[in-house]
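The values are calculated or read from the model by the stated rules, or taken from the named source; none is laboratory data. Keep in mind that this is a model prediction, so the values were computed, not measured. Cβ: placed from backbone, ideal geometry, glycine included. Neighbour counts: every protein chain shown.
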Amino acid sequence: MRALWGIWLSWMGVGCVKSPAPSSGAPPPTNPEPPDRPVPRQVEHEWMSLSEWRARHRAQLADPERSHARLVFLGDSITQGWAASAAYRAHFGRYRPLNLGVGGDQTQHVLWRLEDGALAGVHAELVVILIGVNNLSNGHSPAETVRGIQAVVREVERALPSTQLLLLSILPAGETADAPLRRRIVETNRALRVLGSERLRVLDVGGVFLDADERIPVELMGDFLHPSAAGYERLSEAVAPELARRLDAVPAP
């Protein structure tokens, strides 16, 4: 299994472990974990064991550059993979970004990492949050997923009271517009639009992954979930102007 994932990652041009693409079929059984309360990962996966999950979290806590980061990315495998892309370095490297993405995470797992100090010692001016697709593919409803995302936003605001937040809507998944997972994502994103505030901007850039028929080209997402190198370039180009507007206006310390 690990070998297969290594081949897939090599083809995608991204050098980090990612969670397998969730099924775009019928909703999975109800998720017993509350999406809006801190819960550590409970399930061993072939692509990431619990010890590997905790080790990645500890490595992020020990990152010697975290106190210098002007920009933080918080999320799951899409965020983790973003850091390994050339587009990430080209568009965001000047902001000394701290990447807190962990493959397979759901909102409750991000909340646990936040409670365990994920943002301790961080003085960033902006946090980008991209989370929720794994909730939808593991039994949480759109309403539950929104509650989980709201809880993540509140915890980041509590931990970093002077920091601005950029919440990215969940990226499209499933090859076609009628894929069940895609429909759940659309419903979730519709509810996320109203969460904006003085500190929080909600930005939906998912359209950059869709063609005229709202299909996801395989060149942009090989598994119709994780962006390829070309997909990350499009994602970065879509997000970069908002980051520049917020960060380039303030001289770096």
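At-a-glance table
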read-out	value
Which listed residue is part of a helix (DSSP H, G or I), more than 28 Å from Ala124 (Cβ to Cβ) and not charged (D, E, K, R), from Ser51, Ser67	Ser51
Any hit, segment 109-120, residues being closer than 21 Å to Arg245 by Cβ and among the aromatic types (Phe, Trp, Tyr)	no
Residues (surrounded by 15 or more Cβ atoms within 10 Å (Cβ to Cβ) and hydrophobic (A, V, I, L, M, F, W, C)) located in segment 73-91	Phe73, Leu74, Ile78, Trp82, Ala83, Ala84, Ala87
Flag for Gln60 being in a helix (DSSP H, G or I), surrounded by fewer than 21 Cβ atoms within 10 Å (Cβ to Cβ) and in contact with a strand residue (DSSP E or B) (Cβ under 7 Å, 6 or more places away or on another chain)	yes
Some residue of segment 202-219 being of a type in the set (Lys, Arg) and part of a helix (DSSP H, G or I)	no
Residue that is of a type outside the set (A, V, I, L, M, F, W, C), surrounded by fewer than 16 Cβ atoms within 10 Å (Cβ to Cβ) and closer than 22 Å to Arg246 by Cα, where the choices are Arg70, Arg54, Arg94	Arg94
Matching residues, segment 1-51, being of a type in the set (A, V, I, L, M, F, W, C), exposed (fewer than 13 other Cβ atoms within 10 Å of the Cβ) and modelled with pLDDT under 50	Met1, Ala3, Leu4, Ile7, Trp11
Glu237 at pLDDT 95 or above and either farther than 29 Å from Ser67 by Cα or assigned to a loop (DSSP other than H, G, I, E, B) (or both)	no
Test: residue in segment 100-110 that is β-branched (Val, Ile, Thr), more than 23 Å from Asp248 (Cβ to Cβ), out of contact with any Cys (no Cβ under 6 Å at 6 or more places or on another chain) and part of a helix (DSSP H, G or I)	yes
Which numbered condition Glu65 fails, given (1) modelled with pLDDT under 95; (2) closer than 22 Å to Ala143 by Cα	(2)
Answer from Leu166, Leu181 - the residue that is at pLDDT 95 or above and assigned to a strand (DSSP E or B)	Leu166
Any hit, segment 110-117, residues being surrounded by fewer than 22 Cβ atoms within 10 Å (Cβ to Cβ), under 24 Å from Glu33 (Cβ atoms), of a type in the set (A, V, I, L, M) and within 17 Å of the chain's Cα centre (by Cα)	yes
